[in-house]
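Nothing in this text is a laboratory measurement; each read-out follows from the coordinates by a stated rule. Since this is a predicted model, take the numbers as computed values, not measurements. Counting neighbours? That spans all protein chains shown, and the Cβs are built from the backbone with ideal geometry, glycine included.
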Amino acid sequence: MDVAFTCAVSQLLDGPGNSLSVNGTRTLETSMKRRVRNGALGLAALAAVFYFGFIALLVYRSHH
Amino acid sequence: MAQSHASDAAHHDDHHDQPATGIKRWLFATNHKDIGTMYLVFSLIMFFIGGAMAMLIRAELFQPGLQLMQPEFFNQLTTNHALVMIFGAVMPAFVGLANWMVPLQVGAPDMALPRMNNFSFWILPFAFTLLLGTFFVPGGAAAGGWTLYPPLSLQTGDSFPMLIFAIHMMGISSIMGAINVIVTIMNMRAPGMTLLKMPLFAWSWLITAYLLIAVMPVLAGSVTMLLTDHFFKTSFFNAAGGGDPIMFEHIFWFFGHPEVYIMILPAFGIISEILPTFSRKPLFGATSMIYAIASIAFLSFIVWGHHMFADGMPVAAQLFYMMSTMLIAVPTGVKVFNWTATMWRGSLSFEPPMLFAIAFLFLFSIGGFSGLMLAIVPADFQYNQTYFVVAHFHYVLVPGAIFGIMAGVYYWLPKWTGHMYSMALAKTHFWLSAIFINVLFFPQHFLGLAGMPRRIPDYAVQFTDWNMVSSIGGFAFGLSQVLFAIVIVQCIRGGKKASAKVWEGTNPTGLEWTLPSPAPYHSFSTAPEIH
């Protein structure tokens, strides 16, 4: 079974806490999960920065 | 131990090879195809709801004077027609296509975050129930235009918080969908599929997803500030309290202009898939197409001021926005010429997806040219707030975005259902749509140039004839969309079996065509190798 498949299916079925164990793929699978999680968190943080950033900019502008 | 885990895994695999049955399949769906289907069905429903509003608008405008409704309700219809079509029909349709096609095209077994995928879809029905529910609260729905400019939008009645909450939910849904597309493409491509080998549709969605993440929070931030102005006595945009309503327009259009490209870039990707297939030639200048999409996306962030020329701004700013807007014609021209060069001396055939793609090419270009006219500052003062603007953006969004979606649906529908659809019915749908879209929107150029203002339920008698023509076009275009629904339903229920390649005699490129039709519930259990 390939890495991408085990990674996606394990998320699909069991969530991030319980990955499918396939010989030789566990490290790669964990690394992909980490990349997916970090990527998603990074992008969500970017969206939050735009949201709060624009509000902060206008709060600042209204006081100066 | 490892073996036992593998056995458990196999058991899990067996259990989840087939979809759940009944309502649970859809409520708890994590499969990208199921979620894609739900997005597409949802957007079709919204397309008909938004279309019904449009037909009411055109019915009222059939003759001068007030026939069917009071001006307040007319304004509510124009506002909500736009919100429903943009956030309910066009955007979810593209997200649905991305859900279906991005994993298939990049060779991934599913989207990277399937549960978030489920959540981002199921937010939408609640958001739109809330939005459409505003028609039934005291004071009626929002009537200040989809742009929500204060102070007008702050005069909305009890529906105001519902509207703002609905917009926040749509934004959250879009951002989650965009995150999912990006992490899927960046992490789950098949071995050997470098970014430059990726199909154009996936590329267009990758860029669109970044646009979404950058601008949807800006819309959310601006409507949050409207909310605090309305309920918590802040004065971000309230001039009486020292606020600046023009600042709202800047922030809104910083979101609004990229939003236009969010609705058109995935269509560019779809057209770039279809034209080579039915021209039986590779896409001309594929790499330059990617750079053109990226350039358009970048430029979309620096041109928002062209929506506000008539507000008044320094001449230097007017020049900057005019020039930068015109600059967008360069990468757009690259795309149009590349598409034309792809068809040049090709062995063309005219199946429904190709017909829609060619109509897109011609009609979107008309919308692009009228956009160039609007970019010219002194001319914009003449066209601003007239029906010319209405004609312009409808040419971009209907034969642009919506024809792009229809082209995509007709292209991939046999891959999804495993059946061919009725070519005769689909071609009839195309010809009726292509003819009546022009009957509907082309006269609006004349009306605008003659000075008919937009967003009015009544007009001077000299505008009657072209308004009647436009309304007849509107009713005919609207009714012809019923055929689209019929073709889809027939295709789901049965029909001639589609082969894996679907379009025999052509040479479609992309991993999706290596799978049988319909694509299996779990595709790519072994990652394909790309050479």
Mind checking which of B:258, B:127, B:185 is farthest towards the positive end of region B:8-514's charge dipole, using Cβ charges of +1 (Lys, Arg) and -1 (Asp, Glu) about the Cα centre?
B:185
Whole-number Å³ per residue for the convex hull built on Cα positions in the protein assembly as shown
155 Å³
How far, in degrees from 0 to 90, does helix B:286-299 lean away from the longest principal axis of the Cα atoms of chain B, to the nearest 10?
30 degrees
Return one quarter of the surface area of the convex hull spanned by the alpha-carbon atoms of region B:351-407, equal to its mean projected area, in nm².
3.5 nm²
Over region B:50-114, what number does the Rg to Rh ratio reach, with both radii from the alpha-carbon atoms and Rh per Kirkwood?
1.31
One would report the Cα pair-distance distribution of chain B, bin width 20 Å, in %, as 21, 57, 20, 1, 0
Helix-only mean residue ellipticity at 222 nm, chain B, DSSP H runs n ≥ 4 weighted -39,500 (n - 2.57), per residue, nearest 500. What is it?
-22000 deg cm²/dmol
DSSP-loop chymotrypsin sites (Phe, Trp or Tyr not before Pro) across region B:200-298, with at most 10 other Cβ within 10 angstrom:
B:232
Given DSSP loops and a limit of at most 14 other Cβ atoms within 10 Å, what is the longest stretch of chain B that contains no such GluC sites (Glu not before Pro)?
B:1-503
Candidate lysines - alpha carbon under 29 Å from residue A:33, same-chain residues fewer than 8 apart omitted
B:24, B:33, B:197
I want to verify the translational diffusion coefficient of region B:375-505 in µm²/s; compute it with Stokes-Einstein, Rh as the Kirkwood radius over Cα pairs, at 25 °C and 0.890 mPa s.
147 µm²/s
Between region B:54-122 and region B:410-473, what's the alpha-carbon centroid distance in Å?
17 Å
How large is the Rg to Rh ratio of region B:121-278 when both quantities use alpha carbon positions and Rh follows Kirkwood?
1.08
Hits among lysines - C-alpha to C-alpha of residue B:496 under 18 Å, sequence gap 8 or more where chains match:
B:415, B:427
Put +1 on the Cβ of every Lys and Arg and -1 on every Asp and Glu Cβ in region B:8-514; which of B:379, B:141, B:242 then has its Cα farthest towards the positive end of the dipole?
B:379
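Size of the dipole of the protein assembly as shown about the Cα centre, Lys and Arg at +1 and Asp and Glu at -1 on the beta carbon, nothing else charged, in debye to 20?
900 debye
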Within 10 Å of each Cβ of B:217-227, how many other protein chain Cβ atoms are there on average?
4
